[in-house]
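To keep things clear, I will list the structure first and then write my remarks on it.
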Amino acid sequence: LRYHPALAGYRGYLYHEVWMNVSGSNLSSAASVMAARPPNDVRLITSSQAPWFIDGGTGVLGDNYLERTRGYIVPDVTGGYRFSIAGDDDCELWLSTNDSPGRATRIARVTGWTGFQAFDSRAEQTSGTINLEAGQSYYVQILHKEGGGGDHCSVSWIRPGTSNRVIIPSANLRCLPVNFIEGGL
């Protein structure tokens with residue numbers, strides 16, 4: 001779904017940006033790239049996995065790009081959650097203790113690559129248990145850097161009282177407010 005300011009703040013979406021023609025396969029230069037130029041593409045996505053990563057992890061964007069996905073996770077159950085990230089190449093998952101981007105810390109990452117939705121390849125891919133309150137908004141940011149070859153990035157959670165990892169569904173997502181998007185946060 002193409003981004004439009006009228007959709008800012010709506011439930012069911014995350015704000016997604018893509019920078020094309022970014023060489024390398026690691027996130028070390030991500031901040032400087034994002035500060036140096038606007039993204040080539042901006043859209044809204046409806047889960048914690050971009051829709052162009054088809055089953056098996058083959059993407060359609062090609063090589064040498066950087067993605068940043070931001071918004072809020074709004075849990076519907078209070079309790080302890082565990083988050084995991086899988087990707088090819090580098091990727092990071094950041095989560096705030098509230099709706100403030102300034103309080104976000106990296107809770108999981110992949111250095112190098114993993115298989116498609118292979119959430120348990122390395123210990124650093126999965127967060128510890130994080131207590132979240134139902135109905136509260138928690139800022140989330142997903143960074144993904146693709147060099148060459150296969151490409152994918154997915155984030156899952158294990159909800160309280162369950163043991164299954166699932167891609168975070170649209171019912172638990174909310175887009176950034178327009179002042180963050182238009183203001184350049």
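The values are calculated or read from the model by the stated rules, or taken from the named source; none is laboratory data. The shown structure was predicted, so the numbers you read here are calculated from the model rather than taken from an experiment. Virtual Cβ from ideal backbone geometry, glycine too; neighbours counted across all protein chains shown. These accessible areas exclude ligands, DNA and RNA; they are computed on the full protein's heavy atoms, side chains included. Shrake-Rupley method; radii C 1.70, N 1.55, O 1.52, S 1.80 Å.
Quick notes on this structure:
- q = 0.18, 0.19 Å⁻¹: log10 I(q)/I(0) that the Debye formula gives for segment 93-181, counting C-alpha atoms only: -0.94, -1.04
- For the residues Glu146, Glu133, Glu92, a GNM of the chain with alpha-carbon springs under 10 Å puts the largest fluctuation on Glu133.
- Evaluated on the chain, the Kirkwood hydrodynamic radius is 16.3 Å, with distances taken between all distinct Cα atoms.
- Rolling a 1.4 angstrom probe over segment 79-185 with all protein chains present gives an accessible area of which 46% lies on carbon and sulfur atoms.
- Accessible area of the chain divided out per residue, in Å², using a probe of 1.4 angstrom: 44
- With a Förster radius of 30 Å applied to the C-beta separation of Gln136 and Met20, the computed FRET efficiency comes to 0.30.
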